[in-house]
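Notes follow once the structure below has been shown.
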């Protein structure tokens, strides 16, 4: 019964929600069900607070990360007491002239913004690892990402041809000079390819080609985002949709029970 | 332009107030919403196919599903963690138990806990939501019971961190840096904090395995993690792990529908392309769109 009870509740709730979804004029029932869910999660927060306090109290008792746990508990109780005080004094902790708002604006928001800003460095670090041209797929990723990044910046019509020219010049130079253990026709081909790429780097700088490339970078970026990227995204969306329905049916039919004890 | 009803009528150009009385009354009669007929037909078809494949699965339990590398790597990650004598950190990300991705994450948690109980590796799970916390505790307790090691269960290993997004990211990062876990599993739903978690897992030297249904965060996981479950692979995880024929049947149903969609999209694309030469093909595309819309 310990297992059947919750499963029966899940099946009935799922059937109820599905039926309501297909009915016109039953929006109030749906809103009421949502309010019930919000009330339940409000009470569940007490469970979270209980876990948080116990976890850090135990850490302090065991001498593990005492400083961190101590700072957390002190900050937690100060915030709660301050919040209740502001509620009593100003009617709401978030009232315009409330001192709690000072805490919120000068402590919480800067901390939150700091964590968000750190993302920029993590993106750079992840991009460095992802964009290394280890194989052909990674090379395509590198080229596409470079085109998109350049296409999205200011003056991309000037930056793109110059960047392409520099890339070809460096690639050509590397191919031209990196000829160890190459002889005869292989060496000749390598030298020709390097020279060809270096020549191409200068051809790009000719005004008609420069203007053509610069003028079309924006269109190329838009095409990359709206066609190949969108196609892949929609494929994943489609799979997700069917996966969700299949998973929901498994739960509704009581086949999937690993979420319950 | 907005239209309102009142006792005096006036018109400012962008707000029009009409005389009250013709205020539309709410329909009090509950009736079937005909605009959702196509969704109902789709769900009924899906359910019918699901029941049919369930029947097939009962007859022949050896249904094939393709290999999912990220799930195969769980054993390797747990084994490595055991060798290092470190804990495993597991998170279902941000969101409550009503999110299917988090439920799917909990099913993988059970498998990871069972595996880790074989080597007596502890599984730490910081939570962002109290309801998920309660469910996770039940899942872990059940996993230890099923593997015959209820003594390994410690309630304090599954704890509440914070419900704030970046507070959670910060707490998780600190935990990874201090504990240097052997493996980090991120299976559930994630927002902007995904990259912070994945990069910290990398820096801490852990084997990182991620799985999410959040398409915007998938590229970050693919770039930063050792293994990634892409999209619906997370939903397929429990079936893949358990190999329960009934669960595998539901995965098969999704695959059949994906194949059907691919056929419809291909036919539509061919007709749409042909409509450049002959407009009559465009009419066929319009009919297809109207039927599916």
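Give the residues of the stretch A:128-160 that are within 24 Å of residue B:170 (Cα to Cα) and crowded, with 16+ Cβ neighbours inside 10 Å, sorted by residue number.
Within the stretch A:128-160, the first condition is being within 24 Å of residue B:170 (Cα to Cα), and the residues that meet it are A:128-130.
Passing the criteria: only A:130.
Anything in the stretch B:196-217 that is over 25 Å from residue B:122 (Cβ atoms), out of contact with any strand residue (DSSP E or B) (no Cβ under 6 Å at 6 or more places or on another chain) and surrounded by fewer than 23 Cβ atoms within 10 Å (Cβ to Cβ)? List them, or say none. So that I can check it myself, show each step before the final result.
Within the stretch B:196-217, the subset over 25 Å from residue B:122 (Cβ atoms) is B:213-217.
Remaining after also requiring out of contact with any strand residue (DSSP E or B) (no Cβ under 6 Å at 6 or more places or on another chain): B:213, B:215-217.
Hits for the stretch B:196-217 are B:215, B:216, B:217.
Among the residues of the stretch B:150-180, write down those that are facing another protein chain (nearest Cβ under 9 Å), touching a helix residue (DSSP H, G or I) at 6+ places or on another chain (Cβ under 6 Å) and surrounded by fewer than 20 Cβ atoms within 10 Å (Cβ to Cβ).
Those that are facing another protein chain (nearest Cβ under 9 Å), touching a helix residue (DSSP H, G or I) at 6+ places or on another chain (Cβ under 6 Å) and surrounded by fewer than 20 Cβ atoms within 10 Å (Cβ to Cβ): B:156, B:162.
Report, by residue number, each residue of the stretch B:116-144 that is more than 8 Å from chain A (Cβ to nearest Cβ) and either farther than 21 Å from residue B:76 by Cα or assigned to a helix (DSSP H, G or I) (or both). Walk me through it before giving the result.
So in the stretch B:116-144, the residues more than 8 Å from chain A (Cβ to nearest Cβ) come out as B:116-126, B:128, B:132, B:136-137, B:140, B:143-144.
Within the stretch B:116-144, B:116, B:117, B:118, B:126, B:128, B:132, B:136, B:137, B:140, B:143, B:144 qualify.
Does the stretch A:91-111 hold any residues that are buried (at least 16 other Cβ atoms within 10 Å of the Cβ) and either within 30 Å of residue A:142 (Cα to Cα) or touching a helix residue (DSSP H, G or I) at 6+ places or on another chain (Cβ under 7 Å) (or both), and which are they?
A:93, A:98, A:100, A:103, listed by residue number.
Counting only residues that are in contact (Cβ under 8 Å) with a residue 40 or more places away in the chain and out of contact with any helix residue (DSSP H, G or I) (no Cβ under 6 Å at 6 or more places or on another chain), which one in the stretch B:202-241 is farthest from the other protein chains (Cβ to nearest Cβ)?
The selected residue is B:206.
Could you tell me whether any residue of the stretch A:233-253 is surrounded by 15 or more Cβ atoms within 10 Å (Cβ to Cβ) and in a loop (DSSP other than H, G, I, E, B)?
Scanning the stretch A:233-253, I find at least one residue that is surrounded by 15 or more Cβ atoms within 10 Å (Cβ to Cβ) and in a loop (DSSP other than H, G, I, E, B), so the answer is yes.
If we scan the stretch A:80-90, do we find a residue that is within 30 Å of residue B:198 (Cβ to Cβ), surrounded by 10 or more Cβ atoms within 10 Å (Cβ to Cβ) and within 14 Å of chain B (Cβ to nearest Cβ)? Full working, then the answer.
Here is the first cut: in the stretch A:80-90, the residues within 30 Å of residue B:198 (Cβ to Cβ) are none.
No, the stretch A:80-90 contains no residue that is within 30 Å of residue B:198 (Cβ to Cβ), surrounded by 10 or more Cβ atoms within 10 Å (Cβ to Cβ) and within 14 Å of chain B (Cβ to nearest Cβ).
Can you spot a residue in the stretch B:103-111 that is away from every other protein chain (no Cβ under 11 Å), crowded, with 21+ Cβ neighbours inside 10 Å and farther than 27 Å from residue A:76 by Cα?
Of all residues in the stretch B:103-111, those away from every other protein chain (no Cβ under 11 Å) come to none.
Checked the stretch B:103-111: no residue is away from every other protein chain (no Cβ under 11 Å), crowded, with 21+ Cβ neighbours inside 10 Å and farther than 27 Å from residue A:76 by Cα.
Read-outs: derived from the displayed coordinates by stated rules, not from any lab. Source: prediction; values computed, not measured. Backbone-built Cβ (ideal geometry, glycine too); neighbour counts: all protein chains shown.
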